[in-house]
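Asks: Structure incoming, see below.
The values are calculated or read from the model by the stated rules, or taken from the named source; none is laboratory data. This one's a predicted model, so the numbers in the text were calculated from it and none came from an experiment. Neighbour counts run over all protein chains shown; Cβ positions are idealised from the backbone, glycine included. Keep in mind that these areas ignore ligands, DNA and RNA; they rest on the heavy atoms of the full protein, side chains included. Shrake-Rupley method; radii C 1.70, N 1.55, O 1.52, S 1.80 Å.
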Amino acid sequence: LITIFDALPGMGIVKSDLLGNADSLWRLHTPGATLQQMCDAELEALGGGPGCRAAAKKASRRDGSACTSLLWLCRALRLIEALLLELVKPLQASLKECVTAGYAHSLRKHHNALVRGVFAAAVNAAPQRAAFVAAIAPSGASDAEAMRTVSKMLPDFSRPLDALGKYLRDRHLES
């Protein structure tokens, strides 16, 4: 799914951040441990356990930590999810509107004014909706077929994000 950004000119920074966070989690991974177990161990090492706000605050500010990497990875994946949810709505919004709505529902509240401005400028590079759908659709699929495929895939994409989102909120890593 990360390759969706290849079809969105101007979104290279988002893709790079997403890949960086995934790489950090891969490097930190302990065989047999879940992402949640990795974060819980990190929280305990910082002097708190699950639900400790002080440890969560420390962990969420450490670049490259499991907690920070998982937090920002989930936020970026929520951007993809929200963009696709907008895209499959029957209203036929422009891709720019879909990306903007996805950003508003995911990353925007976590960015300062400068980053918001950079993102707004990047959105202007978004291609036409039809070109984007053609780029992400299976070869030869119509727009309608592509949207049906995305609609069917979204619940399977959303479920683990929902579970991780709940985990991050329970651990006070996400607001």
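Asks: Residues of the stretch 113-134 being loosely packed, with under 14 Cβ neighbours inside 10 Å, in a helix (DSSP H, G or I) and of a type in the set (Gly, Ala, Ser), which ones?
Replies: Across the stretch 113-134, the qualifying residues are Ala113, Gly117, Ala120, Ala121, Ala130, Ala131.
Asks: So, in the stretch 49-67, exactly how many residues are open to solvent by less than 10 Å² (accessible area, probe 1.4 Å) and either of a type in the set (Lys, Arg) or out of contact with any Leu (no Cβ under 7 Å at 6 or more places or on another chain) (or both)?
Replies: 1
Asks: Being open to solvent by less than 60 Å² (accessible area, probe 1.4 Å) and either touching an Asp or Glu at 6+ places or on another chain (Cβ under 9 Å) or assigned to a helix (DSSP H, G or I) (or both) narrows it down to one of Ala141, Ala101, so name that one.
Replies: Result of the check over Ala141, Ala101: Ala101.
Asks: Considering the stretch 144-173 alone, what residues qualify as being outside any helix (DSSP H, G or I) and either open to solvent by 60 Å² or more (accessible area, probe 1.4 Å) or without any contact (Cβ under 8 Å) to a residue 40 or more places away in the chain (or both)?
Replies: His172
Asks: How many residues does the stretch 87-96 hold that are assigned to a helix (DSSP H, G or I) and surrounded by fewer than 18 Cβ atoms within 10 Å (Cβ to Cβ)?
Replies: 1
Asks: Quick check on this structure: which one of Arg27, Arg116, Arg78, Arg62 is of a type in the set (Lys, Arg) and either at positive phi or in contact (Cβ under 8 Å) with a residue 60 or more places away in the chain (or both)?
Replies: Arg78
Asks: Would you confirm whether or not the stretch 40-53 contains a residue that is in contact (Cβ under 8 Å) with a residue 40 or more places away in the chain and within 22 Å of Leu18 (Cβ to Cβ)?
Replies: Checking the stretch 40-53: not a single residue is in contact (Cβ under 8 Å) with a residue 40 or more places away in the chain and within 22 Å of Leu18 (Cβ to Cβ).
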